[in-house]
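Have a look at the structure below before the remarks.
Since every read-out is calculated from the coordinates, none of them should be taken as a lab result. On a predicted model such as this, the values are computed, not experimentally measured, just so you know. So basically every Cβ, Gly included, is an ideal-geometry build from the backbone, and we count neighbours across all protein chains shown.
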Amino acid sequence: MSNLLEIVQVGDPVLRRRARALDPAELASPALQTLIEQMRETMRAAPGVGLAAPQVGVGVQLAVIEDVPDRQAALTPEQLAEREREVVAFHVIINPILTAIGSERVDAFEGCLSFDGFVMAVPRARQVRVEALDERGRPFVREASGWYARILQHEVDHLHGVLCCDRMDPRTLATTDNHAAHWAGMSPDQVRATIPVD
Ligand code: ZN
């Protein structure tokens, strides 16, 4: 039996509902531990660097995150450095509270497993702080910057019913194939420079 869950796509109402907070007592249930395991496998198979429970049709405040070398293989060392993309070991965030540190914003192209086949430029805070529970209900606090901060913002948005298309510059939306064909290696600003503005 496959351990993989179906990833729902934009337009599914579950993606637009605010997920409910989990009671720490629920974390001990085998069902929740199985969900975490299945979400981890589903994220890896996709492949993706984050997956929130609403994306598999479950409206609870839980997401899994992992950004490891096999997920970064398509990028050159220069691209990894430019995106401030570093290795992030697998971890779980439950009931997260996210705050931006400082006011610096960075703009980059990102995608979403629930917006399959598209990428878009999304401005995000460069640095964030997240307070959450881990899979055993233990509280932790982390500060993150660069791509990891972007992943955290993207996943916490999912738990609030917010999608990357709500925050994108709509002119930069492209299919993954068209992005690769026409805008490969270009920054959002460089892409915008190619698009006429009335
Ligand atoms: Zn997403």
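Once R0 is set to 35 Å, what does the formula 1/(1 + (r/R0)^6) return for the Cβ-Cβ distance between residue 29 and residue 80, expressed as a FRET efficiency to the nearest 0.05?
It comes out at approximately 0.35.
Can you give me the orientation-averaged projected area of the convex hull built on the Cα atoms of region 94-156, in nm²?
4.5 nm²
For every helix of n ≥ 4 consecutive DSSP H residues, a contribution of -39,500 (n - 2.57) applies; sum these over the chain, divide by its total residues, and give [θ] at 222 nm rounded to the nearest 500 deg cm²/dmol.
Helix-only estimate at 222 nm: -7500 deg cm²/dmol.
Grab the eigenvalues of the alpha-carbon gyration tensor for region 27-159, scale each by 5, take roots, and send me the semi-axes largest first in whole angstrom.
The equivalent ellipsoid of region 27-159 has semi-axes of 23, 18, 13 Å.
How do the peptides 182-189, 3-10 rank, highest first, by the average count of neighbouring beta carbon atoms within 10 Å per residue?
In decreasing order of mean packing, 182-189, 3-10 become 3-10, 182-189.
For region 98-198, which semi-axes, largest first and in whole Å, follow from the square roots of 5 times the eigenvalues of its Cα gyration tensor?
After diagonalising the Cα gyration tensor, the semi-axes are 29, 15, 11 Å.
Taking the Cβ-Cβ separation of residue 97 and residue 4 as r and a Förster radius of 30 Å, what is the calculated FRET efficiency to the nearest 0.05?
E(calc), rounded to 0.05, equals 0.50.
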